[in-house]
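I have placed the structure first, in the form of structure tokens, so that the comments after it can refer back to it.
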Amino acid sequence: MKAVTIDDGATYETASPDQFTQAYRDGETALERREDTDNVLKTHVIKGEFAAAAGYLHGLAADARKRLPRHVEDCPCRLCVHDRECLMRSIYRTWREAAAA
Ligand SMILES: [Zn+2]
């Protein structure tokens with residue numbers, strides 16, 4: 001695993017920094033590009049591009065955090081807890097679907 005640092009200062013561990021970083025940027029802009037995020041994520045997983053899947057999720061989360069500037073990463077408010085639960089469910093669902101495919 002190698003460490004990769006994104007411009008906002010966050011550091012992540014990944015086996016494929018280039019793949020991770022590219023997917024991170026895709027995730028960060030997915031909402032404004034009206035991308036089908038479930039489908040993109042599923043495609044990465046099915047192709048075995050796990051670094052890209054992780055980068056994409058982190059990019060989505062980073063973009064979501066930017067839209068909630070008053071909330072910190074471990075914010076206990078209902079909205080943030082709900083968002084984190086949705087993200088975890090989405091990750092779990094994608095993995096389960098990939099395992100079943
Ligand atoms: Zn919050």
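Nothing in this text is a laboratory measurement; each read-out follows from the coordinates by a stated rule. Note that the coordinates shown come from a computational prediction; the quantities given were computed from them, not determined experimentally. Glycine gets a Cβ as well: all are built from the backbone with ideal geometry, and neighbour counts include every protein chain shown.
Net charge near Asp18, counting Lys/Arg +1 and Asp/Glu -1 over other residues with Cβ under 15 Å of its Cβ?
-1
Under 4.7 Å Cβ to Cβ, no partner at all: give me those cysteines from the chain, in residue order.
Flagged as lacking a Cys partner: Cys77, Cys86.
Could you put Arg89, Arg84 in order, starting from the residue whose Cβ has the fewest other Cβ atoms within 10 Å?
With the sparsest Cβ surroundings first, the list reads Arg89, Arg84.
With no solvent and one point per C-alpha, what does the Debye sum give as log10 I(q)/I(0) for the chain at q = 0.25 Å⁻¹?
Debye intensities relative to I(0), on a log10 scale: -1.41.
Can you compute the modelled spin-label distance between Glu32 and Ala100, with each label point 7 Å from Cα toward Cβ, in nm?
Result: 3.6 nm between the two label points.
How much net charge surrounds Trp95 when only other residues with a Cβ under 12 Å from its Cβ are counted (Lys, Arg +1; Asp, Glu -1)?
+3
For a quick check: sort Glu35, Glu13 by the number of other beta carbons within 10 angstrom, fewest at the front.
Glu13, Glu35
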